[in-house]
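Notes follow the structure.
Any read-out appearing in this document is the output of simple, stated calculations on the displayed coordinates, not a laboratory observation. A quick note: this is a predicted structure, and the numbers were derived from the prediction, not measured. Because the Cβ atoms are built from the backbone with ideal geometry, glycine has one as well, and the counts that use them run over all protein chains shown.
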């Protein structure tokens, strides 16, 4: 198999692929054997029709079947041989096939080349998390106001599912602590992402941006419908919604590609769990500094 790869831009490649010899001939033979077993030819039992009659009646079908089976197989071999990280289905054109030769061109979109360095040891600042007594009191006061009470007692706590007021206060303290902890975790993750992205400049595969944009649009339309917006109104605003979501889609794809590059360097599988696993690695390897 002969392959010529032409770089069109940062994310597109054009492969000129040619396969000759026995591989093409054998595929035709295989297809005609199957046709002979299945074809209904007047005057002949299944599998007994002479080859010249099969050629005369089924050559077009055989040609289509060979293309259907051989092109995907040859394309996948070429992608593996060229070690291309393809992110979208190819555009196939200029297909030529005879009994001894198959050739075609495949235009593919690939992940950009990203030079991610120094992703270990990223400095992160953290604050010890705690729930202060006055914060618990503010939450209790808010509960009192929302229920229009003069004071809080064990009876009120039991109504909320706690044996007494002290246990309700402990629950509020835990909730405040967890909220603060989650907020700090999110802040640190965002800072790590910002540090990783700093100075990186690469072209985004448009197919990935379009796919992410459609996912965001679908969720936005669901959210608007749940808020009571009529379907017709949502459809009218679709172009404006798409335009507003595009920067978010591009940023999400950019972050995903950077995390995927780190995953490759660290031999982490590229699957649905990849972003979380890479972030766990980055957090583990970060330089944690307690803020003054």
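How are the Cα pair distances of the range 2-109 distributed, in percent, across 5 Å bins from 0?
2, 11, 21, 18, 13, 11, 9, 6, 4, 2, 1, 0
What FRET efficiency do you get for residue 270 and residue 83 if R0 is 22 Å and r is their Cβ-Cβ distance, rounded to the nearest 0.05?
On the way: r = 15 Å, r/R0 = 0.67.
The formula returns an efficiency of 0.90 here.
Build a GNM of the chain with springs between Cα atoms under 10 Å: which of 85, 215, 52 gets the top mean-square fluctuation?
52
Treating the Cα atoms of the range 78-123 as identical point scatterers in vacuum, please give the log10 of the normalised Debye intensity I(q)/I(0) at q = 0.17, 0.22, 0.28 Å⁻¹, two decimals.
-0.68, -0.88, -1.05
Can you show me the helix-derived [θ] at 222 nm for the chain, built from DSSP H runs with n ≥ 4 at -39,500 (n - 2.57) apiece and divided by the number of residues, rounded to the nearest 500.
On the way: 9 runs with 169 residues, N = 292.
Value at 222 nm, helices only: -19500 deg cm²/dmol.
Would you list 259, 224 from fewest to most Cβ contacts within 10 Å?
Details: 259 23, 224 16.
Sorted ascending by nearby Cβ count, the order is 224, 259.
For the chain, with a Gaussian network of springs between Cα atoms less than 10 Å apart, report the residue from 124, 136, 110 with the top mean-square fluctuation.
136
By how many degrees, 0 to 90 and rounded to 10, does the Cα axis of helix 133-146 deviate from the longest principal axis of the chain?
So the helix axis and the longest Cα principal axis differ by about 90 degrees.
How big is the Cα convex hull of the range 115-273 in projection, averaged over all directions, in nm²?
14.9 nm²
For 156, 126, what's the fewest-to-most ordering of other Cβ within 10 Å of each Cβ?
Numbers: 156 17, 126 14.
Ascending Cβ contact count within 10 Å gives the list 126, 156.
Compute the normalised compactness of the range 1-65: alpha-carbon radius of gyration over 2.2 N^0.38 Å, N being the residue count.
On the way: Rg = 18.0 Å, N = 65, 2.2 N^0.38 = 10.7 Å.
With N residues counted in the range 1-65, Rg over 2.2 N^0.38 Å equals 1.68.
For residue 120 and residue 177, compute 0.36 nm times the residue count separating them, minus their Cα-Cα distance, and round to one decimal in nm.
Numbers: separation 57, 0.36 × 57 = 20.52 nm, distance 2.85 nm.
Fully extending the segment from residue 120 to residue 177 adds 17.7 nm.
Work out Dmax and Rg for the range 137-192 from the C-alpha atoms and quote the Rg first, both in angstrom.
Final numbers for Rg and Dmax: 14.7, 47 Å.
Can you give me the angle between helix 238-265 and the longest principal axis of the chain, using Cα atoms only, in degrees from 0 to 90, rounded to the nearest 10?
80 degrees
Using the basic label-point model (7 angstrom from Cα toward the beta carbon), what is the residue 48 to residue 231 distance in nanometres?
6.0 nm
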